[in-house]
Amino acid sequence: MTDLDKKFDKAYVIASAMTKELPPDVMLHFYAFYKIATNNGRIHMPSGNSELRNGFKLNALFQFNEVTPIQAKERYIALVEKYTNQKIK
């Protein structure tokens, strides 16, 4: 496991425990970067009960379709650091 993978895993744990309300666009960025990072850059169809919400998720994935899995991990970590004021090591 690389240092980036370890930081990404730590960032995910921190993000999962967040209780702070974030704007919907920020939440979609979290979603897109996580999915790109964990699905090796492949776009998938979001699942869920809300077609509208799934549409927003899919749009976020398309918005970042040029982002590589490595870049997605880096951006996800940066979002966690920004919104938690924690430096992930």
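The values are calculated or read from the model by the stated rules, or taken from the named source; none is laboratory data. Please read all numbers here as calculations on a predicted model, not as lab measurements. Counting neighbours? That spans all protein chains shown, and the Cβs are built from the backbone with ideal geometry, glycine included.
At a glance:
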{"quantity": "Residues located in the range 41-89, provided they are within 14 Å of the chain's Cα centre (by Cα) and within 17 Å of Ile14 (Cβ to Cβ)", "calculated": "Ala72, Lys73, Glu74, Arg75, Tyr76, Ile77, Ala78, Leu79, Val80, Glu81, Lys82, Tyr83"}
{"quantity": "Selection status of Glu74, closer than 19 Å to Thr2 by Cβ and among the acidic types (Asp, Glu)", "calculated": "yes"}
{"quantity": "Boolean, Lys35 is charged (D, E, K, R), surrounded by 11 or more Cβ atoms within 10 Å (Cβ to Cβ), in contact with an Asp or Glu (Cβ under 9 Å, 6 or more places away or on another chain) and within 26 Å of Met1 (Cβ to Cβ)", "calculated": "no"}
{"quantity": "Qualifying residues in the range 41-89 (those that are loosely packed, with under 13 Cβ neighbours inside 10 Å, closer than 22 Å to Thr19 by Cα and basic (Lys, Arg)) - the one modelled with the lowest pLDDT", "calculated": "Lys89"}
